[in-house]
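Below you'll find the structure, written out as C-alpha cells, and then a few comments.
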Amino acid sequence: MHIWKRLMPFQGTTRSRFSLFAKINLLIVVLFIPILIMYTYSNNVTYDVVSKELQISNTKQLTFLSSQIDSRINQMMDFSLILSRDPNVRAFNGLNMWDDRYDRMQTRYVIQEKMTLQTGVTDIWPTRYAVYSQQNKDVIANYNQTTGYDEAYLKKI
C-alpha cells in the first residue's frame, strides 16, 4: 500500500493535466496522421498511373497518326506515278492535234475523272492534283484553280 500512496499523487496530477476533451483530440490527431499518410501515398500512386497511361495513349495516337500520314503520302506518290504513266495524261501533254474538240474534251474528262476518283477514296485529308501540259500550256486540276498555267512560277520552283 505504501507504494500505492506514492503513485497516487502522481496519478492524480496526470489526470488533472489532460482532460477528456484533450485526450479525444489527441486520439483523433493520432488516427488522422496515418489516414493523411495513406491518402498522400494513394494520391501519388494514382497520379503516376494516370500520367503513364496518358503518355501511352498519346504515344499510340501519334503512332497511328504517323502511320496514316505515311500511308496517305505513299498513296499520293503511287497515284502520281500511275497518273504520269497514264496514256491519257501522255496524250494530254503531247496532244498537239487539238483541232478535234471531242478528243480534247474526252481526254480532259477522263483525266479529271481519274483525279476525282482518287480524291474520293479518302476524304480524311483532301489532296490536290494538277496535270500541266508544257506543250499546250494548259492545266487540268481536281480543284478550282484561280490562275492558269504560269511557266515563270514553275521555273522558280
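A few points about this structure:
- Count - residues of segment 85-114 that are surrounded by fewer than 12 Cβ atoms within 10 Å (Cβ to Cβ) and either in contact with a Leu (Cβ under 6 Å, 6 or more places away or on another chain) or touching a residue at least 40 places away in the same chain (Cβ under 8 Å) (or both): 1
- Candidates I73, I82, filtered to the one that is within 30 Å of T116 (Cβ to Cβ), open to solvent by less than 90 Å² (accessible area, probe 1.4 Å) and either touching a residue at least 60 places away in the same chain (Cβ under 8 Å) or in a helix (DSSP H, G or I) (or both): I73
The values are calculated or read from the model by the stated rules, or taken from the named source; none is laboratory data. All of these numbers come straight from a predicted model, not from anything done at the bench. Backbone-built Cβ (ideal geometry, glycine too); neighbour counts: all protein chains shown. The accessibility values were calculated without ligands, DNA or RNA, using every heavy atom of the protein model including side chains. Shrake-Rupley method; radii C 1.70, N 1.55, O 1.52, S 1.80 Å.
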